Each structure stands twice: as C-alpha cells, then as structure tokens.
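The values are calculated or read from the model by the stated rules, or taken from the named source; none is laboratory data. Worth saying up front: this structure is predicted, and the values here are computed from it rather than measured. Note that we place each Cβ from the backbone using ideal geometry, even for glycine, and neighbour counts take in every protein chain shown. What goes into the accessible areas is simple: the full protein's heavy atoms, side chains included, and nothing from ligands, DNA or RNA. Shrake-Rupley method; radii C 1.70, N 1.55, O 1.52, S 1.80 Å.
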Amino acid sequence: MSSNGLEGIVVADTSISDVDGERGKLVIAGRDVERLAREGFEVAAARVLAAGGRDTDPAALRAELGAAREAAWVVLPRLGDALDAPDGMDALRSALAHLHTGDDPVAAIGAAPVFVAAWSRRARGLAPLAPDRDLSHATDYLRMTRGMHGDAAAVIALDTYLATVIDHGMNASTFAARVVTSTGSDLVSAVVAGVGALKGPLHGGAPGPVLDMLDAIGTADRAEPWLLAELAEGRRIMGMGHRIYRVRDPRAAVLEEAVKPLASPRLSLARAVEAAAAKILRERKPDRSLAANVEFYTAVLLDAVGLPRTQFAPTFAVGRIAGWCAHVLEQRRTGRLIRPASRYIGAAA
Ligand code: COA
C-alpha cells in the first residue's frame, strides 16, 4: 500500500527541530518554542543555522543580516516585473530567483523581507523603502512595510512571530527544499522550492483566509451558524487541524500570548471562533482531534502589527527561510539523494 501523504515516514535525521504531535511540544535547536520565541529572530536564526552546521553568533548575525538586506536593496532595480505579481508569494518566488549569491544562507534570509516589503508597498502604490542595517530584522521589516518605526509592542510581537515559525520538522516546504538540495542543486533553488510549497492553503496560505473568516463572522454569536454553513458547503475551517498535532499546536498558545499587548479588537472574537470550531469539529470527528494550528493566531497577530492580509503568507516565508537554509546546510552535509519509489497502477504494456 502506498501512503500518499508519507505520514510517519522518516526521511532525514535532523538536529534542527522536533515536533511531538501527541504532547504538543516543539523543540527548535535545543530550545522549547516558548523560550525561543522570547529570544527573537536573530537568536533563533543563529541557533538553527548552527544546528544545520554553520557556527553562527547571534550578535554577528544581526550585523550580517543588516548587510544582506542592503545587498538585496541593490538587486531591487534588476528584478524586472517580479514585484508586479498580484500575489506576494509569486513576487517573492520570482524575486529570490534573481539572487546569484551562491550558497550563502544569510544573503537569502536578508533578502526576503526587503523583497516582500517592496512588493507590499508597490501593491499599495507606494515607493519601496531602503533597509536600515542598524535595525533588528523585525524592526526593519516592519519599517520597510509601514514606512515608520513600529511601536515597541508591534516589533516585539513580529519578532516573536518570526522566531516561532522559523522551523517545524519535516513540513512540506522544508521537505521540498531538502529534495532540491539532495540533487546537488544550489541554496537559492532550494528556498524558491520552499516558497512554492509554502504558498498552498494547506500549508502557509491559511492566515489570510482566517482573517477573512473572522471578518465574515463578525460577532461571537454568529460563529457557530457560520462554521456549520461552511462545513455544509464541504469547506475546511482555516486555522484548524494539523497533520502532526493531536492536541492544540503549541505555537498557537505562543502567538495568542504575543498578541495580548497589542490590544487587538479581533482577539476576543478569535477565541470565541476557535472554541466554537473546536466544539463542532470534536462532534463531527470524535476520533480525530482538530484544534487550532499556528495559522489561527498568526492572522490576529500580523493584522494587529499592521501588516495587510495579503502579506501574511510572505511574512511566514520571511521567518521560515532561515529554517529552510539550515536544512539545506544539513542535507548537504549528511544527506543522500532523496529519490522515493512509486507504484505503477497504469495500463500494462
Ligand atoms: N476543517 C474541517 N475538517 C477538517 C479540517 C478542518 N480544518 N482539518 C481536517 N478535517 C477533516 C478532514 O476533512 C478529514 O475528514 P474525512 O476523513 O471525512 O475526509 C479529517 O478531518 C482528517 O483530515 P486529514 O485531511 O487527514 O488531515 P491532514 O492531516 O491531511 O490535514 C491540514 C491537515 C492542516 C491540511 C488540515 O487540517 C486542513 O486542511 N486545515 C485547514 C487549513 C489550515 O489551517 N492549514 C494550515 C496548516 S498549519
């Protein structure tokens, strides 16, 4: 029997992260996600890169990332119409493909926020803003997007988010990046493959639709009928369910906590919708625990820090690209060509 989703198949030994779906525990490069999230993006990126095999000091990485953002800014005029794409993931995929930075992970990690922010501003009819190498990655990303220094609470929340989503076991985009690397291809090709996989709504494309759902529901009392109607139409509830977790995704709790200081008007509605969705899904699928995943509170958090919903999936990529790069390094050091088999069910010759 083939397993079309490859559930439970181990395809690599890794030091980068471990997902315990039964207990709802996520360890990234030797840290619980709750602690790593508090330490912020530069520390998290340094830790995953080190786990992948590139010794990296967080303070040095902050400076390297600043320089990499500036280097990406220089590439911007050479991107042609890449940033005209209506979809931010399409724009990021095309823009990253213009990098000729070899196997330098920092060049790719630094370029992502510059390209995404420039795309976002262009989509809103605004000129792109040059990076400031002296700022933290999260601060600069927010400033390049919004055109002003974000308030401290928004920067902390975004920094927490980028660290929280930095890596997550053998998810689809990480697997895609490792498959490309396993052929001996280059790092940029691997991260471009990662962006392509992350774009899909079953992976990283859910937070925009989660916000659409909260808007459509409007008030807590409308949650249950709205969700029932959605399911009756044969649609899934976005932000709920997970391939690995059999309990609530631990990142949902981290992000729910990180939203609190932002006083989002959507937080209480989101909690009510989550509770209603969990109850309905429990009744429908008593043998399958379908709880909130990372995307549910991602939507509330990124909205509260002032990012447009079209920028949610690309912002996921801005954080996750560091994880992809760590996996590229690890795959290159320890991996072997990934080449599974298929079972032929076509016509006989
Ligand atoms: N809403 C309604 N039903 C859901 C559901 C959801 N969010 N998630 C799973 N189910 C149902 C499936 O329809 C399936 O029912 P069936 O057996 O009658 O066909 C059952 O639960 C098992 O789901 P399955 O497809 O095996 O789960 P999976 O592990 O393949 O899928 C996700 C995991 C994440 C793709 C899935 O939960 C989903 O589509 N969630 C919504 C999108 C989302 O939030 N994506 C972000 C992921 S981080």
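Can you run down the residue pairs with Cβ atoms below 6 Å, 6 or more apart or on separate chains, where the first is in segment 6-22 and within 24 Å of A292 (Cα to Cα) and the partner is outside any loop (DSSP other than H, G, I, E, B) and open to solvent by 30 Å² or more (accessible area, probe 1.4 Å)?
Hits for this filter: D18/V27.
If A317 satisfies all but one of (1) within 16 Å of the ligand (Cβ to nearest atom); (2) over 29 Å from I16 (Cβ atoms), what's the number of the condition it fails?
Status for A317: all satisfied but (2).
Could you list, in sequence order, the residues of segment 127-170 that are surrounded by fewer than 24 Cβ atoms within 10 Å (Cβ to Cβ), among the hydrophobic types (A, V, I, L, M, F, W, C) and not in a helix (DSSP H, G or I)?
A127, L129, A130, L135, M148, M170
Restricted to segment 251-268, and to residues that are charged (D, E, K, R), in contact (Cβ under 8 Å) with a residue 12 or more places away in the chain and more than 11 Å from the ligand (Cβ to nearest atom), which residue is least open to solvent (accessible area, probe 1.4 Å)?
Result: E256.
Between a residue in segment 187-205 that is over 15 Å from R236 (Cα atoms) and among the β-branched types (V, I, T) and any residue that is open to solvent by 30 Å² or more (accessible area, probe 1.4 Å) and away from the ligand (no atom under 16 Å from the Cβ), which pairs come within a Cβ distance under 6 Å, given they are 6 or more apart or on different chains?
V192/R93; V192/A97; V195/R93
List pairs: first residue in segment 226-241 and modelled with pLDDT of 95 or more, second residue open to solvent by 30 Å² or more (accessible area, probe 1.4 Å) and away from the ligand (no atom under 11 Å from the Cβ) anywhere in the structure, Cβ distance under 8 angstrom, at least six positions apart or on different chains.
From segment 226-241, the pairs are W226/A216.
Somewhere in segment 232-250, is a residue more than 10 Å from the ligand (Cβ to nearest atom), in contact with an Asp or Glu (Cβ under 8 Å, 6 or more places away or on another chain) and open to solvent by 50 Å² or more (accessible area, probe 1.4 Å)?
yes
Which one is most open to solvent (accessible area, probe 1.4 Å) among residues in segment 269-299 that are under 22 Å from the mean Cα position of the chain (by Cα) and polar (S, T, N, Q)?
N293
Scanning for something open to solvent by 50 Å² or more (accessible area, probe 1.4 Å), without any contact (Cβ under 8 Å) to a residue 24 or more places away in the chain and part of a helix (DSSP H, G or I), does segment 78-96 turn up at least one residue?
Within segment 78-96, one or more residues are open to solvent by 50 Å² or more (accessible area, probe 1.4 Å), without any contact (Cβ under 8 Å) to a residue 24 or more places away in the chain and part of a helix (DSSP H, G or I).
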